1. Would you please name the residue that is modelled with the lowest pLDDT, looking only at residues in the stretch 39-56 that are surrounded by 10 or more Cβ atoms within 10 Å (Cβ to Cβ) and more than 13 Å from the chain's Cα centre (by Cα)?
2. Scan the stretch 39-56 residue by residue and report those that are at negative phi and in a loop (DSSP other than H, G, I, E, B).
3. Considering only residues that are modelled with pLDDT of 95 or more and part of a helix (DSSP H, G or I), look in the stretch 22-38 and name the one that is surrounded by the fewest Cβ atoms within 10 Å (Cβ to Cβ).
4. Show the residue pairs that are 6+ apart or on different chains and have beta-carbon atoms under 6 Å apart, the first residue being within the stretch 21-35 and farther than 17 Å from residue 53 by Cβ, the second being surrounded by 10 or more Cβ atoms within 10 Å (Cβ to Cβ).
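The values are calculated or read from the model by the stated rules, or taken from the named source; none is laboratory data. Every value quoted in this text rests on a predicted model; they were computed, and no experiment measured them. Every residue, glycine as well, gets a Cβ built from its backbone with ideal geometry; the counts of neighbours run over all protein chains shown.
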């Protein structure tokens with residue numbers, strides 16, 4: 001199977017991701033320009049937990 005059949009074109013994928021972000025009000029929780037230092041699924045809290053690197057590469061919680 002070629003890549004053309006396995007993946008949708010970029011505009012279609014972007015529309016879908018924008019739709020999901022709007023539907024579930026995710027934009028308020030999205031941070032661009034951040035690097036993830038670590039992440040794990042907290043089963044008890046049923047949410048992702050993690051740390052990101054600041055601009056100085058120090059850990060932020």
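1. It comes out as 54.
2. 43, 44, 45, 54, 55, 56
3. Among them, the one singled out is 23.
4. Filtered contacts from the stretch 21-35: 27/21.
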